[in-house]
Amino acid sequence: MSDQKTEQLIEQAKQVARHAYSPYSRFKVGAALMDQYGNIYSGCNVENISFPCVICAETSAIAQAVSSAGSAMKIDTLVIYTPTASITSPCGNCRQVIHEFSTSATKVICVCNESVQLTLCIEELLPHATNISLDK
């Protein structure tokens, strides 16, 4: 992916993080992904007083992509942004959801307010993912 496309995803993730609903943790997260066709989708975290009902930014972006592009959607690149001084990586649940819609070439880029970026492939993010074959 070109640096220009990566910057576009980072800006989209930053923009959508501003819409996060996080009155309990005050921890805003934005995510933007590009699918295998170059389409961009984004999402932010949406908290709930019942914490198991929280929707993470990564899951929100993936749900938007699947809702728009269908279940064959695959993530080319996913950017996760937090307005913090250090990088925050996805939670365990999000790692599994990301894996579900990834290929071996999928890149996950974590960014923060500093110029630091962490780029991981899906196998680095979740090396022993739950994975079963549904082929019969």
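Count of the stretch 62-105 residues, restricted to those that are in a helix (DSSP H, G or I), loosely packed, with under 15 Cβ neighbours inside 10 Å and in contact with an Asp or Glu (Cβ under 7 Å, 6 or more places away or on another chain), is 0.
Can you name every residue in the stretch 45-58 that is among the acidic types (Asp, Glu) and crowded, with 21+ Cβ neighbours inside 10 Å? Listed by number, the list holds a single entry, GLU58. Taking the stretch 1-26 as the range and being free of Cβ contacts under 8 Å to residues at least 60 places away in the same chain and part of a loop (DSSP other than H, G, I, E, B) as the test, the residues that pass are SER2, ARG18, HIS19, ALA20, SER22, PRO23, TYR24, SER25, ARG26.
For the stretch 85-115, a residue qualifies if it is within 25 Å of ARG18 (Cβ to Cβ) and touching a Cys at 6+ places or on another chain (Cβ under 9 Å), and the qualifying residues are ALA85, SER86, ILE87, THR88, SER89, PRO90, CYS91, ASN93, CYS94, VAL97, LYS107, VAL108.
Rundown of residues vs (1) buried (at least 20 other Cβ atoms within 10 Å of the Cβ); (2) without any contact (Cβ under 8 Å) to a residue 24 or more places away in the chain; (3) assigned to a helix (DSSP H, G or I), yes/no style:
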{"residue": "TYR37", "(1), (2), (3)": "no, no, no"}
{"residue": "GLY43", "(1), (2), (3)": "yes, no, no"}
{"residue": "SER60", "(1), (2), (3)": "yes, no, yes"}
{"residue": "ILE109", "(1), (2), (3)": "yes, no, no"}
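Of all the residues in the stretch 117-128, those that are surrounded by 13 or more Cβ atoms within 10 Å (Cβ to Cβ) and part of a loop (DSSP other than H, G, I, E, B) number 1.
Conditions (1) out of contact with any Phe, Trp or Tyr (no Cβ under 9 Å at 6 or more places or on another chain); (2) over 16 Å from VAL108 (Cα atoms), marked per residue:
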residue	(1), (2)
SER22	yes, yes
ARG26	yes, yes
GLY30	no, no
GLY38	yes, no
TYR41	yes, no
PHE51	no, yes
GLY70	yes, yes
ASP76	no, no
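Could you please let me know if GLU114 is in a helix (DSSP H, G or I) and over 19 Å from SER2 (Cβ atoms)? No, not satisfied.
One residue alone among ILE80, ILE75, ILE109, ILE98 is closer than 21 Å to GLN8 by Cα, in contact with a Gly (Cβ under 9 Å, 6 or more places away or on another chain), of a type in the set (A, V, I, L, M) and at pLDDT 95 or above, and that residue is ILE80.
The values are calculated or read from the model by the stated rules, or taken from the named source; none is laboratory data. Since the model is a prediction, treat every value here as computed from it, not as a measurement. Cβ: placed from backbone, ideal geometry, glycine included. Neighbour counts: every protein chain shown.
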